[in-house]
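Have a look at the structure below, then the notes.
Derivation of every value follows stated rules applied to the coordinates shown; laboratory data play no part. Computed from a predicted model, the values in this text were never measured in an experiment. With ideal geometry, Cβ positions are generated from the backbone for all residues, glycine too; neighbour counts draw on all protein chains shown.
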Amino acid sequence: MGVSLSGADWDYQGEVWVRRRRVGPLDNDAYFVACPETGEAVLIDAANEAPKLIAAAQGLELQAILETHGHWDHWQALAQVAGEFPAAVVAAHPDDLGMFPPPPPGHHLHDGEVVEFGRRRLSVIHTPGHTPGSVCFLAPGILFSGDTLFPGGPGSTRPPEGDFDTILESIEVKLWPLPDATLVLPGHGDPTTIGAERPQLDIWRRRGW
């Protein structure tokens, strides 16, 4: 099943291969995460610009579309991309399902769940705080953090979905145990590492955002 991958159109090539696309007016990051031996892949956040994402999926066997949370800017292209790849499972955490347009994602992600694609896997980490159903996805050496963690701080915690104390607890309990070298690929903007962000927790707590 599948084909081995080749070519230069990959932003990261390690245990998993990652193809990043920056899309939409809020400069969202959408990530294709692939098994290099089989070409099976998942898309993290069908955020916007469906034709751009569909083009980036060519040559891959798309197994799933994984939504980090339910904010509108992360699913604007979901219906179109899912329609183009009807075999791909559409998944999100159940606490955010009410934020998606009908029909909502059919597969409900849970903390600790493993998503398999080819010979690779992602682990689901439930990190509420930005929204109740926010999740991150962990591959070997790479954390796809959605809007939970960015360079310089946590994601927005505006009510009614957000809560600042909750997001700090999610980051401290769920993400800080990861190795310093873990690459963090957020839902917007540039990457960082766990080691670069961990020393700033008390600064974030004092400033309140």
Are there GluC sites (Glu not before Pro) in the range 28-69 that DSSP marks as loop and that have at most 14 other Cβ atoms within 10 Å, and which are they? Glu37
I need the semi-axes of the equivalent ellipsoid of the range 78-209: take the C-alpha gyration tensor, multiply each eigenvalue by 5, square-root it, list largest first in whole angstrom. 26, 18, 12
Considering only DSSP beta bridges whose two residues both sit in the range 12-207, what percent are antiparallel, to the nearest 5? 65 percent
Could you work out the relative contact order of the chain? I mean the mean sequence separation of Cα pairs under 8 Å and 6+ apart, divided by the number of residues, in percent. 15 percent
GNM of the chain, Cα pairs under 10 angstrom: of Ile54, Ile125, Ile44, the biggest fluctuation goes to Ile54
Amide H contacts of Glu61 (H built 1.01 Å from N, under 5 Å, at least 5 apart or other chain): Glu40, Ala41
What does the C-alpha gyration tensor say about the overall shape of the range 23-127? Classify as rounded when a/c is under 1.5, otherwise prolate if a/b is larger than b/c, or oblate. oblate
Under Karplus coefficients 6.51, -1.76 and 1.60, residue-wise ³J(HN,Hα) of the range 182-191 in Hz, glycine/proline x: 4, 6, 9, 10, x, x, 8, x, 8, x
Out of Arg121, Arg20, Arg198, a Gaussian network model of the chain with alpha-carbon springs under 10 Å gives the largest mean-square fluctuation to Arg198
Report the extension gain between Ala196 and Gln58 in nm, rounded to one decimal, defined as 0.36 nm multiplied by the number of residues separating them, less their alpha carbon distance. 46.2 nm
Assign one of three labels to the range 79-148, namely rounded, prolate or oblate, based on the Cα gyration tensor with a ≥ b ≥ c the square roots of its eigenvalues; rounded applies when a/c is under 1.5, prolate when it is not and a/b is larger than b/c, and oblate otherwise. oblate
Ordering of 157-167, 140-150 by burial proxy (mean other Cβ atoms within 10 Å per residue, highest first): 140-150, 157-167
